[in-house]
Amino acid sequence: MTATHTESEMTFGEAINDALDIALGSDPTVFLLGEDIADPPGGVVRLTQGLSTKYGTHRVRATPISEQAIAGAAIGAALGGLRPVAEIMLMDFMTLVMDQLINHAAKHRYMSGGTSHLPLTVRTRIGHRRGAQHSSSYEAWFMHAPGIKVCAPATAQDAKGLLLSCIADDDPCLFLEPTPMVRSRRRSQVPAGDYRVPIGQAAVPVAGTDVSIISYGQMTPAALDAAATLANEGISAEVVDLRSLVPLDHHTVLTSVAKTRRAVVTHAAARFAGPGAEISAMIHEELFGQLERPVRRVASAFTPVPFAESLAQIHAPDASTIAESVREVMT
Amino acid sequence: MSTADADAGARSLPVSDLLSIYRTMLTVRLAEERFMRGLSRGEFPGFYFPVRGMEAAAVGVIAALRRDDYYITTYRGIADVLAKGASLEAVFGELLGRVTGMSRGKGGTMHMADPERGMMLTTGIVGSGTPIANGLGLAAQLQGNDRVTGVSFGDGATSIGALHEALNLASLWNLPVIFVCHNNLWGECTPLDAYTRTARLAERATPFGIPGVTVDGTDVLAVHAAAAQAADRARVGDGPTFLEVVAPRILGHNFGDTGDYMDEAAVERARANDPVPKFGEWLVAQGHLGRDELEAMYQEISDEVEQALAVAVNSDMLPTDELHTDVFASGVNAPR
């Protein structure tokens, strides 16, 4: 990377690969491990393509299909002074590493009275349209486990900057990569070289005055589409893209809702006990007297992710259901 | 080096090393007895997982490692933690949740961490230390140093998947890790032959291409010899070893468990083969230690234990404003 002030057009996936490339190139303590990540194939969806060829298979390590072994090796290597970046192929497979990540990675700094820390990153993809065991969004589980940060970028630029922040961070970080975004061929402007998006800082990609649509990850494009539709109807929606779920940027959310006095929270995780429940409760607790309407949550049905297209279409929210909820809170 | 040569080597260790091993074993024994007596008498609240009968199994391994080697242990880990160099004050402080504890009381009985001395983590989850040990081994391998990682776990851990994933990866990556199975013949309250048909637990390593060694865990020098061989292998790049150290548990699973489900005759045999007096008597028989010196050491360590426990009992607990510190790195605006 020569010019740090130039930009290039990248897909979401290319931005992730670029961040990993920069981290491996600039910090000798960084290494990657995960199933199928070495060339060939360079990851099942090719996100790590080229990296083992460039940096060697000692630093881009393909593993057996052993999620506990992957997570444990990352934890131990972090204790030993390295900065591992582990890939757990899909979020549904995070069920296999909960003991390592929650009982060990997340709690170890606290249990050791601050004498130990674990600078490790776990990347995992949220699947899409692959049925109940390959498509789930379980980020609320990790929000509920003190000691692990959770990042959920929605743009290529944020994906790169947040992933670089996670890798450089001294706490365990979970980095979410939604499949619809990973597979998207859409390119957008991404700064070249190393830059960081701070963990715990939301963005406001669209400013508005009538209502706040609070979103993250794969629902942010839908929130933006909804805002554009609503603008044509004369409703000025502000979109808050959280980017991180832990720490959560209370300030940006509350500033936005204090201004608009109406809020709709949306995510692909289940509505029941989902991240939106915490965000909604926080808004009600802090802004009770100022709200024009109760906060609405637009999220997935409380069912396993269905396979049949007819059910899949109504299981998760989209731009039209978000817009519909906004219209309801505007009445 | 053959096993016989290694064994002879351990028996001809410098006398100062032999006495240091005995001192550590006796410290573990007396610290445990005193702590459990305090719990029984109601001097302080707490909980505890006894290691009586397993002192040689733990101390023998760690005495064969270097100071800068890494170790991971379990909730039944007081012998490992003391052998790795922690002070009695730090251990008692942590058992009682006081600021003088090694983690200032934030970890407690099941989570002793003493990274300065290489005791990297104590897990309360059966078998979970083994995948983490691989990471420490991998760090040494990638950093190009010759540190070895030991990880101890009970025989019960041989029933859990994490260990088998860890063995496969350690073998595949030729990691400098010693998998130390403290086989005390009990998985909590279930005897070994009621939960597996594997006759010798070290055989679990063989299909992964890892040497599986079984040693008498009541003979501290036999344990030392086997661990020294495993450490040598790991240090020169020959990869992991599975070291099964057999040392029958004498007490119940935890303090308060009377062990009424244990076979009395077997427990009596284990008591008669108690590794601590056995090694003490050997030192006397070899002329390394006079009987008066043996008794003086007992008194000296008893006094150290008493003083260290008094320090812990009289120490404060963390102030309440410490509740939220150490969840994340400092400066993180975390949820409260």
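The values are calculated or read from the model by the stated rules, or taken from the named source; none is laboratory data. Since the model is a prediction, treat every value here as computed from it, not as a measurement. For neighbour counting, all protein chains shown are included, and Cβ atoms are generated from backbone atoms with ideal geometry for every residue, glycine included.
Brief remarks follow.
- The C-beta contact set for the range A:117-130 (first residue within 12 Å of A:Ala71 (Cα to Cα), second residue in a strand (DSSP E or B) and among the basic types (Lys, Arg), distance under 8 angstrom, 6+ apart or interchain) comprises A:Leu120/A:Arg83; A:Thr121/A:Arg83.
Table: residues versus (1) within 29 Å of B:Asp257 (Cβ to Cβ); (2) assigned to a helix (DSSP H, G or I).
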| site | (1), (2) |
| --- | --- |
| B:Leu19 | no, yes |
| B:Leu30 | yes, yes |
| B:Pro45 | yes, no |
| B:Pro50 | yes, no |
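- Residue match in the range A:192-206 (condition: hydrophobic (A, V, I, L, M, F, W, C), out of contact with any helix residue (DSSP H, G or I) (no Cβ under 7 Å at 6 or more places or on another chain) and farther than 30 Å from A:Glu328 by Cβ): yes
Conditions (1) within 13 Å of another protein chain (Cβ to nearest Cβ); (2) at negative phi; (3) out of contact with any strand residue (DSSP E or B) (no Cβ under 8 Å at 6 or more places or on another chain); (4) of a type outside the set (Asp, Glu), marked per residue:
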position	(1), (2), (3), (4)
B:Ile125	yes, yes, yes, yes
B:Gly154	no, yes, no, yes
B:Ile160	yes, yes, yes, yes
B:Leu163	yes, yes, no, yes
B:Thr196	no, yes, yes, yes
B:Leu201	no, yes, no, yes
B:Gly209	no, no, yes, yes
B:Asp216	no, yes, no, no
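- Elements of type helices (runs of 4 or more DSSP H) contained in the range A:5-121, each with 1 or more residues being at pLDDT 95 or above and of a type in the set (Val, Ile, Thr): A:12-26, A:51-55, A:67-79
- Of all residues making up the range A:83-116, the number that are farther than 27 Å from A:Val182 by Cα, surrounded by fewer than 24 Cβ atoms within 10 Å (Cβ to Cβ) and either among the polar types (S, T, N, Q) or at the interface with chain B (Cβ under 7 Å from one of its Cβ atoms) (or both): 7
- Residue count, the range B:292-336 (criterion: among the hydroxyl-bearing types (Ser, Thr, Tyr) and without any contact (Cβ under 8 Å) to a residue 24 or more places away in the chain): 3
- If the condition is being polar (S, T, N, Q), over 19 Å from A:Met181 (Cβ atoms) and surrounded by fewer than 16 Cβ atoms within 10 Å (Cβ to Cβ), then the range A:4-46 contributes A:Thr4, A:Thr6, A:Ser26.
- Residue tally, condition under 23 Å from B:Arg271 (Cβ atoms) and assigned to a loop (DSSP other than H, G, I, E, B), over the range B:208-234: 3
- When B:Thr149 is tested against (1) surrounded by fewer than 20 Cβ atoms within 10 Å (Cβ to Cβ); (2) at the interface with chain A (Cβ under 9 Å from one of its Cβ atoms), exactly one condition is not met: (1).
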